[in-house]
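Below is one structure, written out as structure tokens, with a few remarks after it.
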Amino acid sequence: LNPALHITDIVIGEKTVQHDMDTSAIGDPVGLVSGINVIFFESNKAVAEAIKKSADELGYNNINGTIASGDRFVADKETKAKIVSDFGADACDMESAAMAQVCYINDVPFELSVQFRTEQTTELIWTIPRLPLLPQSEELR
């Protein structure tokens, strides 16, 4: 979603959001997960900082950002633009926010989701979630 990102660039998910949750017809903000009243699920800041430090040391271009999740492939420009506008998202997948939501509901810390941009297209961007990911893991070497 972030036009500044290129193949092999990394989004370190400081927070995730369910971009397709929409109960706005009853007055809720878009993205609100009803029942638990949460829009953004925060990641472990210490883990995010450690991943960023490792990625920087290893020479990976990376940003700390927001990962938006939903139950469909996001391939059209209009949907991408709406997700960016509504949530300030940098990457999109189908699972990170769901994992964070399950952790939240079960009072288990959500360590982190990291997205690697693996395809450079104007329409469809594939990402690979990593949860949990340790600072010295093979994925970052």
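The values are calculated or read from the model by the stated rules, or taken from the named source; none is laboratory data. Owing to the predicted nature of the structure, the values given are computational and were not obtained by experimental measurement. Glycine gets a Cβ as well: all are built from the backbone with ideal geometry, and neighbour counts include every protein chain shown. In case anyone asks, the SASA skips ligands and DNA or RNA and just uses the protein heavy atoms, side chains included. Shrake-Rupley method; radii C 1.70, N 1.55, O 1.52, S 1.80 Å.
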### Set Asp90, Asp76: member being modelled with pLDDT under 90 and open to solvent by less than 60 Å² (accessible area, probe 1.4 Å)
Asp76
### Identity of the residue in region 53-66, open to solvent by 60 Å² or more (accessible area, probe 1.4 Å) and either in a helix (DSSP H, G or I) or β-branched (Val, Ile, Thr) (or both), that ends up nearest to Glu14 (Cα to Cα)
Lys53
### Query
Restricting attention to region 71-81, does a residue exist that is within 16 Å of Val33 (Cα to Cα) and touching a residue at least 24 places away in the same chain (Cβ under 8 Å)?
yes
## Note on the structure
The correct count of residues that are buried (at least 16 other Cβ atoms within 10 Å of the Cβ) and either in contact with a helix residue (DSSP H, G or I) (Cβ under 9 Å, 6 or more places away or on another chain) or at pLDDT below 90 (or both) in region 1-19 is 13
### Message
When the residues of region 1-31 are narrowed to those that are outside any strand (DSSP E or B) and among the charged types (D, E, K, R), which ends up nearest to Leu58 (Cα to Cα)?
### Response
Asp9
### Task
Of the conditions (1) assigned to a loop (DSSP other than H, G, I, E, B); (2) touching a residue at least 24 places away in the same chain (Cβ under 8 Å), Ala97 clears all except one; give me its number.
(1)
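May I ask you to verify whether Tyr104 is of a type in the set (Phe, Trp, Tyr) and farther than 13 Å from Phe116 by Cα?
yes
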### Task
Kindly indicate whether any position in region 69-84 is farther than 17 Å from Pro3 by Cβ and assigned to a helix (DSSP H, G or I).
no
